[in-house]
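The values are calculated or read from the model by the stated rules, or taken from the named source; none is laboratory data. Everything numeric in this text was worked out from a predicted model, so none of it was measured. All Cβ positions, glycine included, derive from the backbone under ideal geometry; neighbour counts span all protein chains shown.
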């Protein structure tokens, strides 16, 4: 592309067709940053609010620069994929001018394990074991949204027993607490409050111990299933939850002393990574990130699911959209979750913990010993799975960590399960005829 | 005609929104624009308070060619599914766009929702759907030199040969 034609729409279209043509011919573009000199002003402008942060005037000025690659005084370096500050593996491709980062392109996918492809060959009964691993910090929320989408397709979403619904709420709120506690731990460590890591893990472990008692596993529970939950709460569960609710608030006070009020902590977070509400919405950010910019959007309150409309809690909102707001929101959301769990304890009804619908519910264990039909029923459900009618549904829940899952299932096996990054969990289901 | 879509009795007029066929799926509104109507429809919705694109993904219907779709919509192999959210009205709307297998390309939404950049890259990576005018259409999850698009139905899941495989011929030929 010559520089006189940078803004020429016709030439631009030709360039686009060029790209499409190359891709079709099997020559795909490399995953690199394009040299700045090859970017058109239009492309730079479009990136304001996305990957690039620069004023329109600055961007326009860049468009006026003579396109001379030799004069490009920038350097592109890689940070990662094995950098101590990137939990898991993440590579950042940075464009530097001196010590200033001009642009940044995150390269992800190092942990991609093809769960969506795996999900295509699993039944709905087995789907829970797959989705629970998509985000190990909030496994119960993953299961919840998958189950809710499946129930919607089955048309039984209104028939879930009360106890199951309240149990789901209990587990989902405790999971929010454990997830936010891990956020405190790892972020504290990254920002220099290294002892915070141990404190955060310690409290999280207490919550996971409760999960272990209820579900049998610390994580990857596969406990919330289509039709209800896998088992009733164990004896003594109320005392365990009360123990958690008594133990955590004073520990949060300690976090306040260790972090919130600390000048170093504030220095490192306040005014850092500021995004505006407009940017957050344009980029599709939800959850604590969106709330930090002052947008009061919480799916538990705004599009209530389970029985969130019957409990009282506050939606925590920030005002600056910086890293400190995002930290403070999560800290206070733990407190709100504690408030919700108290109400759940008061309201927990007795009754069945899963729907008595033979289509989706396996027979009780004791029945298998005495009835051939129950044995066959159990075998059929666990080997073949249950059939879900053709259709599609979308379910979104407020999940503590950044993920959003979309599933598009068919009759016995979901042909499509997708998982993208967002700030709440959601699920789409597309089902088809076989 | 799908049983989830209920046309008013006696009136053959299908429900429309912004000139696009509207259907109902479990109480959720779904729009079925054509590829030509796609960007215009999304722009209209963006002006109509749908300020957030919550999700953009695709489905490969290779193994389900005769799926139920509203009248007037011919099912193609690929389907792009876009979820839009109106924070003001607390509403969601979904778009399902048919993308044919012989020309898997569609316009990008990057100009309307910058957040779709990564999601469109993922759809390109996984399904091989090309988004025209996308600023940086490269693979996002798979390695750069990867062959094929893994979430296509005709893409085999693949196996890793294990030591205790029963495939004795393969075992013996191993160096």
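Checking the structure you have, find out if any residue of the range A:181-201 is under 18 Å from residue A:388 (Cβ atoms), out of contact with any strand residue (DSSP E or B) (no Cβ under 8 Å at 6 or more places or on another chain) and either at pLDDT below 85 or assigned to a helix (DSSP H, G or I) (or both).
no
Each row is one residue, and each column tells you yes or no for (1) under 16 Å from the mean Cα position of the chain (by Cα); (2) within 14 Å of another protein chain (Cβ to nearest Cβ); (3) part of a helix (DSSP H, G or I); (4) within 20 Å of residue A:343 (Cα to Cα).
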{"site": "A:118", "(1), (2), (3), (4)": "no, yes, yes, no"}
{"site": "A:122", "(1), (2), (3), (4)": "no, yes, no, no"}
{"site": "A:127", "(1), (2), (3), (4)": "no, no, yes, no"}
{"site": "A:142", "(1), (2), (3), (4)": "yes, no, yes, no"}
{"site": "A:145", "(1), (2), (3), (4)": "yes, yes, yes, no"}
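Can you tell me how many residues in the range A:284-302 are more than 15 Å from the chain's Cα centre (by Cα) and within 22 Å of residue B:47 (Cα to Cα)?
Count: 6.
So that you can scan it fast, the table gives a plain yes or no per residue for (1) over 30 Å from residue B:155 (Cα atoms); (2) at pLDDT below 80; (3) more than 10 Å from chain B (Cβ to nearest Cβ); (4) in contact with a strand residue (DSSP E or B) (Cβ under 9 Å, 6 or more places away or on another chain):
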| position | (1), (2), (3), (4) |
| --- | --- |
| A:103 | yes, yes, yes, yes |
| A:110 | no, no, no, yes |
| A:152 | no, no, no, yes |
| A:159 | yes, no, yes, no |
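Name the single residue, out of those in the range B:131-154 being more than 8 Å from every other protein chain (Cβ to nearest Cβ) and on the phi < 0 side of the Ramachandran plot, that is surrounded by the most Cβ atoms within 10 Å (Cβ to Cβ).
B:131
Quick one: in the range A:87-101, of everything that is touching a residue at least 40 places away in the same chain (Cβ under 8 Å) and surrounded by 16 or more Cβ atoms within 10 Å (Cβ to Cβ), which residue is nearest to residue A:207 (Cα to Cα)?
Restricting to residues being touching a residue at least 40 places away in the same chain (Cβ under 8 Å) and surrounded by 16 or more Cβ atoms within 10 Å (Cβ to Cβ), the top hit is A:93.
Kindly indicate the residue of the range A:283-303 that is in contact (Cβ under 8 Å) with a residue 40 or more places away in the chain and part of a helix (DSSP H, G or I) and also surrounded by the most Cβ atoms within 10 Å (Cβ to Cβ) among those meeting that condition.
A:290
Of everything in the range A:203-261, what is touching a strand residue (DSSP E or B) at 6+ places or on another chain (Cβ under 8 Å) and outside any loop (DSSP other than H, G, I, E, B)? Give them in sequence order.
Across the range A:203-261, the qualifying residues are A:225, A:228, A:229.
Being surrounded by fewer than 17 Cβ atoms within 10 Å (Cβ to Cβ) and in contact (Cβ under 8 Å) with a residue 24 or more places away in the chain narrows it down to one residue among A:272, A:241, A:311; which is it?
When all the criteria are applied, what remains is A:272.
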